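Everything on this sheet refers to the single structure shown next.
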Amino acid sequence: MFALGIDVVRNTFRRPFQLREFIQQCWFVVSVTVLPTALVSIPFGAVIALQLGSLTRQLGAQSFTGAASVLAIIQQASPIVTALLIAGAGGSAICADIGSRKIREEIDAMEVLGVSPIQRLVVPRVLAAMLVSVLLNGMVSVVGVMGGYFFNVVLQDGTPGAYLASFSALAQLPDLWISEIKALIFGFIAGIVAAYRGLNPAGGPKGVGDAVNQAVVITFLLLFFVNFVLTTIYLQVVPAKGS
């Protein structure tokens with residue numbers, strides 16, 4: 001899998017670039033992920049806002065509910081939600097597509113004809129997963145913050161001015177950058193794992209189904225581990241605002 005990732009990076013800069021395939025895969029991944037991602041991001045933002053609102057009320061720090069909610073949504077929830085939907089919906093579809101081509105021996109036929117399946121099939125799909133991950137991460141951030149604002153102000157009788165004003169108290173621009181970097185890396189991981197399992201299925205249609213299940217599970221495990229590593233590095237490198 002690591003070797004496949006290196007091959008994808010190397011073949012990304014080879015010509016000709018499969019622009020048409022890349023656009024088609026972007027549209028395909030968006031079509032299967034945008035609606036579930038939007039629907040999932042609303043309760044995520046609501047749960048975070050409600051939990052933090054209750055906690056800050058107990059501590060007597062209601063004015064920092066907005067800042068804490070935004071930090072939790074943008075830094076952690078948004079890239080995780082995006083990655084889970086990219087892996088669960090987009091990655092499984094990519095794995096099934098490549099796996100079906102493999103058992104029909106289309107991949108072998110391409111290699112016989114001198115066409116690189118990695119450059120022709122894998123690279124556009126991985127790049128599409130990365131691009132859509134970054135775009136969906138922005139959408140999840142906006143929808144999650146709006147959902148958190150609504151539930152905090154309406155259900156917990158929070159003050160709209162305090163919620164909005166506290167943004168600048170704790171949040172800073174690097175929080176958004178680490179969120180987008182996480183989404184980019186998570187999209188790369190989801191695409192690589194899906195392509196690897198699709199290129200190496202067991203025999204027959206059942207093997208493709210098993211490969212799809214394995215791809216989703218492996219991606220989830222890697223995502224949470226990589227998220228822990230990136231968060232640890234970020235908190236060590238970028239000092240908290242006001243510290």
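The values are calculated or read from the model by the stated rules, or taken from the named source; none is laboratory data. The structure displayed is predicted, hence computed values, not measured ones. Quick reminder, even Gly has a Cβ in these numbers, built from the backbone with ideal geometry, and neighbours come from all protein chains shown. Areas reflect the complete protein model, heavy atoms only, side chains present, ligands, DNA and RNA absent. Shrake-Rupley method; radii C 1.70, N 1.55, O 1.52, S 1.80 Å.
Rounded to whole Å, give me the distance from the Cα center of the stretch 49-126 to that of the stretch 172-235. Cα centroid of the stretch 49-126 versus Cα centroid of the stretch 172-235: 7 Å apart.
Accessible area of Val34 (1.4 Å probe, protein heavy atoms only, ligands and nucleic acids ignored): about 50 Å².
Of the residues Leu35, Leu50, Leu223, the one that moves most in a GNM of the chain with alpha-carbon contacts below 10 Å is Leu35. Using 1/(1 + (r/R0)^6) with R0 = 35 angstrom and r between the beta carbons of Ser100 and Met139, what's the FRET efficiency to the nearest 0.05? The value I calculate is 0.70. Going toward the positive end of the dipole of the stretch 19-138, with +1 on Lys and Arg Cβ and -1 on Asp and Glu Cβ, which of Ala38, Ile73, Leu19 do you reach last? Value: Ile73.
Please give the calculated 222 nm ellipticity per residue for the chain, where each DSSP H segment of at least 4 residues contributes -39500 (n - 2.57) and the sum is spread over every residue; nearest 500 deg cm²/dmol? It would help to have the intermediate numbers written out before the result.
Numbers: 11 runs with 191 residues, N = 243.
The helix contribution divided over the chain gives -26500 deg cm²/dmol.
The distance between label points at Arg57 and Asp210 comes to 5.2 nm (points 7 Å beyond Cα on the Cα→Cβ vector).
Modelled spin-label separation between Ser116 and Trp27, with each label point placed 7 Å from Cα along the Cα-to-Cβ direction: 2.6 nm. Using heavy atoms of the protein chains and a probe of 1.4 Å, the accessible area assigned to Met146 is about 120 Å².
Please sort through the DSSP H helices of the chain and keep those with an alpha-carbon extent of at least 30 Å along the long axis and a Kyte-Doolittle average not below -1.0. Membrane-span-like by this rule: 19-59, 123-155, 173-199, 204-237. Under the simplified labelling scheme, the Gln236-Asp108 pair shows an inter-label distance of 4.8 nm, with each label point 7 Å from Cα along Cα→Cβ.
Semi-axes of the equivalent ellipsoid of the chain are 40, 17, 14 Å, computed as sqrt(5λ) over the eigenvalues of the C-alpha gyration tensor in descending order. Its Cα centre serving as origin, the chain has a Cβ charge dipole (Lys and Arg +1, Asp and Glu -1) of approximately 220 debye.
For Phe228 and Met146, FRET efficiency with R0 = 30 Å and r from the beta-carbon atoms, rounded to 0.05? It comes to 0.60.
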